[in-house]
Amino acid sequence: LKGVRPLRTVSYLHPNLVAEPAVIAQATDESVGEPQVYTLYQNYPNPFNPSTDIMFDLPNNGAVKLQVYNTLGQRIRTLVDGVRPAGAYQVVWDGRSDQGTSVAAGVYLYRLETPSFVSSKKMVLLR
């Protein structure tokens with residue numbers, strides 16, 4: 001993608017499990033500038049199989065959590081949990097839980113939380 005560089009590569013699975021790493025990317029195109037507002041975008045593709053991209057904008061540096069929940073409200077996966085600089089981000093979810101198991105087909109919610117912003121959206125996993 002033009003104007004996007006890998007911020008860092010992370011593995012989202014339990015440390016004892018072997019996993020393909022996923023990439024968190026941050027836009028670096030100087031002409032775009034930093035985001036002015038918090039935004040959580042609809043994942044793409046949606047519905048998806050086997051993975052989907054979740055993008056969000058942070059206008060300020062700060063603590064960020066991006067988590068996936070099932071329709072019962074149970075946390076399935078933590079994709080981001082830490083301090084991030086202002087910018088545009090893209091995170092890949094591979095349809096797996098924090099324990100590394102493939103989750104069932106169905107509707108899932110993803111939630112972006114910062115100290116001053118919270119937003120959630122729905123996504124559909126097809127198997």
*Of 117, 56, which has the most accessible area with a 1.4 Å probe, and how do the rest follow in descending order?*
117, 56
*What does the highest-first list of 82-88, 106-112 look like by mean Cβ count within 10 Å?*
106-112, 82-88
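The values are calculated or read from the model by the stated rules, or taken from the named source; none is laboratory data. What you see is a predicted model; the values in this text were computed from it and never measured. Neighbour counts run over all protein chains shown; Cβ positions are idealised from the backbone, glycine included. Just so you know, the surface numbers come from the protein's heavy atoms only, side chains and all, with ligands and any DNA or RNA stripped out. Shrake-Rupley method; radii C 1.70, N 1.55, O 1.52, S 1.80 Å.
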